[in-house]
Amino acid sequence: MNPVELIRKKRDGFQLTEEEINYLILRYTRGKIPSYQISALLMAGFLNGFDAKETAWLTRSMLYSGKIINLKSVKGKKIDKHSTGGVGDKTSLILAPIVAAAGVNVPMISGRGLGHTGGTLDKLEAIPGFLTNIDLSKYKSILKKCGAVLIGQTKEIAPADKLIYALRDVTATVESIPFITASIMSKKLAEGIDGLVLDVKTGTGAFMKSYDDSAALANSLTNTARAFNKKVITYITDMNQPLGNYIGNWLEVYESIKVLQGEKVDDLLELSLHLSGAMIHLGNKAKSIPQGIEIAKEMISSGKALNKFLEIVKLQGGDTYYLKNLDKYPKSKIHEKIFADKPGYVNKIDSFEIGIASVELGGGRLEMEDKIDPKAGIIFYPKIGMQIKKGDLIAEIFTNKTGAVDHVKKKLSASITITNKKAEPVKLIKSVNTYK
Ligand code: URA
């Protein structure tokens, strides 16, 4: 086969065969095809699309560029959740211990913050000592001991995705439904899971802003998971406002612990219970999602989920002191408050800008090598539909970066649209589809 011919074929809008896709991906992973040719192929694919078959072949090829973890020796069902990314979305930290406490294994391979969105690994690393780069044998042994483990992508897992993701990032080819599908699913399928709950976000803080685009991504992810015989429950959920109130790595751990302690953080609790309930149902510990939700509530009220979280942290090398003494965590040098400058109703929230503000305070990376400040972030109080008075507290910021403060304060004030007319509160869960 000749890479130039295959690039031309995709450039001219034709379907590539499974063998052709395998040839390109596997040879690229082995360093036998240069990046400039794969970049050209990516742009041709971005513009002309990959159909459902090509997407499944691409996923398969990226998956088999590495290992599929064999979890047969771990008793019981193994179910994971994947979110397409948002602002303040800390549900993984809440649902992993809930679902493990309910007797369903949760082997989770997570990512770091990407653009304006936070990443589970960065959040967990806000806990001193917590290790996310664990080898596969330790991964299995932790899963066997406590029913949940949360790590990052290792070099054995979907190495083609690691290479191609880096190329997409610098060739303006990230926002492609087939590429996002293959990237996410090649990693999730490598986990050795029986089923997957998908949380596809839609709105101002999501990668897909419109409902139609989110629905198309949800379809593509679901079809690919089903092509690999996985049970799937797919949610489309709102990301027009941050989930919960805390944004930033330690702040999100803090809010997760509060939820596990039984605090009722409306939207965050509702979504965490739904996703946990769906996972418990897929793991055959509940006959339906509502029954799974009842079990999830019990795991919180009995304290079992919180204890499970502490167990996971200990097994992954983390220090549980601050989780038991939340107010003792080191503080940022700067803590400032932002107040509403006019009265009215919150009509719209630009969650993308809030995510970027958190990154600028030190909670994310502006460049690949940047070190994250785990303490940095935002507590953001408004929700769409809420009435506010002039002078009400709308946000608190935490940072060590003196130079970022004025800019971020302006950005946060501008991120909410206040009008005289009351807006309807947003519907958090837009759709749920089960494929068992
Ligand atoms: N997350 C991934 O792992 N890959 C993408 O392409 C987008 C989000």
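The values are calculated or read from the model by the stated rules, or taken from the named source; none is laboratory data. None of these values were measured; they are calculated from a predicted model. Positions of Cβ are backbone-derived with ideal geometry, glycine not excepted, and every protein chain shown enters the neighbour counts. Only protein heavy atoms, including side chains, enter the accessible area calculation; ligands, DNA and RNA are left aside. Shrake-Rupley method; radii C 1.70, N 1.55, O 1.52, S 1.80 Å.
For the reader, a short list of remarks on this structure follows.
- Placing a label point 7 Å from the Cα of Lys422 along the Cα-to-Cβ line, the residues of region 343-370 whose backbone N sits under 15 Å from it are 344-347.
- In the context of the full set of protein chains, region 321-436 has a per residue accessible area of 57 Å² (1.4 Å probe).
- For the chain, share of DSSP beta bridges that run antiparallel, in % to the nearest 5: 55
- Summed over qualifying helices (DSSP H, 4 residues or more, each -39500 (n - 2.57)) and divided by its residue number, the chain shows a 222 nm mean residue ellipticity of -13500 deg cm²/dmol.
- Just the protein heavy atoms count here, and of the accessible area of the chain at 1.4 Å, carbon and sulfur take up 52 percent.
- Across the chain, the mean sequence separation of Cα contacts (distance under 8 Å, 6 or more residues apart), normalised by length, yields a relative contact order of 19 percent.
- Charging the Cβ of each Asp and Glu at -1 and of each Lys and Arg at +1, and nothing else, the dipole of the chain about its Cα centre rounds to 940 debye.
- In region 201-261, the C-alpha radius of gyration followed by the widest Cα-Cα span (Dmax) gives 14.9, 39 angstrom.
- Our summary gives region 333-419 a relative contact order of 49 percent, counting only alpha carbon pairs under 8 angstrom and 6 or more residues apart.
- Taking N as its residue count, the alpha carbon Rg of region 3-49 over 2.2 N^0.38 Å: 1.03
- For region 333-419, the alpha-carbon radius of gyration amounts to 1.10 times the rule-of-thumb value 2.2 N^0.38 Å expected for a compact globular protein.
- Computed magnitude of the charge dipole of region 333-419 (debye, nearest 20; Cβ of K, R +1, Cβ of D, E -1): 340
- Spatially, region 260-331 and region 135-188 are offset by 24 Å when compared through their Cα centroids.
- For the chain, built as a Gaussian network whose Cα springs stay under 10 Å, the top-fluctuating residue of Thr204, Thr419, Thr91: Thr419
- Fraction of alpha-carbon pairs over 27 Å apart in region 79-207 - percent: 16
- Normalised by the number of residues in region 223-292, the average gap of Cα pairs under 8 Å and 6 or more apart makes the relative contact order 23 percent.
- Gap separating the Cα centres of region 353-426 and region 220-235, nearest whole Å: 35
- Over the chain: Kirkwood hydrodynamic radius from C-alpha pairwise inverse distances, Å: 22.3
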